[in-house]
Amino acid sequence: MKKRFFVMFIILSISSIVFAADAAKYIADLDPAKDEKTITAAADWVGKEKEKDASQKLIALLTDGRDKVRLSAVMALGYIADADNIDSLHNVILTDKNASVRYAAVLSVMRINKPDKSAPVFLKAKETETDPFIKDLFAKMEEKVKGK
């Protein structure tokens, strides 16, 4: 029994060390100097793993000139779902030039689920939004709130 426990402990320890090394590698790949494919793969991984330590690097990517990089960063922040990141996502909703990135930012904010903090941003965005899909999403959100 003690041997099994010891073996399991060793296996668990080794796997956590390997995971930590993977996390550090992927977080390092969230560098704006890297190519788009590397950054998006890293953002996908840190989002899937809900790696909160990557949040600051992801936030820095929200101003990158490449749409796919910003989109991947927004989605990763949504999967991480840390309320500390919500203001950065609000800014994307209000200012990003790409409708797909704004749409993903709305979904990410909804995933974080801080309606008291997000409602004023959604109302402001609804007034200025031109994309029909985002306008439709805001309309459906408003219907749902009224139906409560």
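The values are calculated or read from the model by the stated rules, or taken from the named source; none is laboratory data. Keep in mind it's a predicted model, so treat the numbers as computed, not measured. Counting neighbours? That spans all protein chains shown, and the Cβs are built from the backbone with ideal geometry, glycine included.
Here is a yes/no grid of residues against (1) over 22 Å from Ala23 (Cα atoms); (2) surrounded by 15 or more Cβ atoms within 10 Å (Cβ to Cβ):
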position: Gly78; (1), (2): no, yes
position: Asp87; (1), (2): yes, no
position: Ile93; (1), (2): yes, yes
position: Lys97; (1), (2): yes, no
Margin query: Considering only the range 39-53, I want to know if a residue exists there that is more than 22 Å from Lys25 (Cβ to Cβ) and surrounded by fewer than 19 Cβ atoms within 10 Å (Cβ to Cβ).
Written below: no
Margin query: Go through the range 40-55 and report how many residues are of a type outside the set (D, E, K, R) and either under 19 Å from Arg102 (Cα atoms) or in a loop (DSSP other than H, G, I, E, B) (or both).
Written below: 4
Check: Which residues, counting only those in the range 108-120, are closer than 21 Å to Glu51 by Cα and surrounded by 15 or more Cβ atoms within 10 Å (Cβ to Cβ)?
Finding: Ser108, Val109, Met110, Ile112
Check: Based on what the data block shows, is Ala105 surrounded by 13 or more Cβ atoms within 10 Å (Cβ to Cβ), closer than 15 Å to Arg70 by Cβ and of a type in the set (Gly, Ala, Ser)?
Finding: yes
Note to self: Conditions first: (1) among the hydroxyl-bearing types (Ser, Thr, Tyr); (2) within 27 Å of Asp136 (Cα to Cα); (3) over 12 Å from the mean Cα position of the chain (by Cα); (4) surrounded by 16 or more Cβ atoms within 10 Å (Cβ to Cβ). Tyr26 passes all but one, so which condition is the exception?
What the structure shows: (2)
Next item on the list: Please give the number of the condition Ile10 fails out of (1) at pLDDT below 90; (2) closer than 21 Å to Asp96 by Cα.
Entry: (2)
Check: Residues that are of a type in the set (Ser, Thr, Tyr): which helices (runs of 4 or more DSSP H) entirely in the range 72-148 hold 3 or more of them?
Finding: 99-112
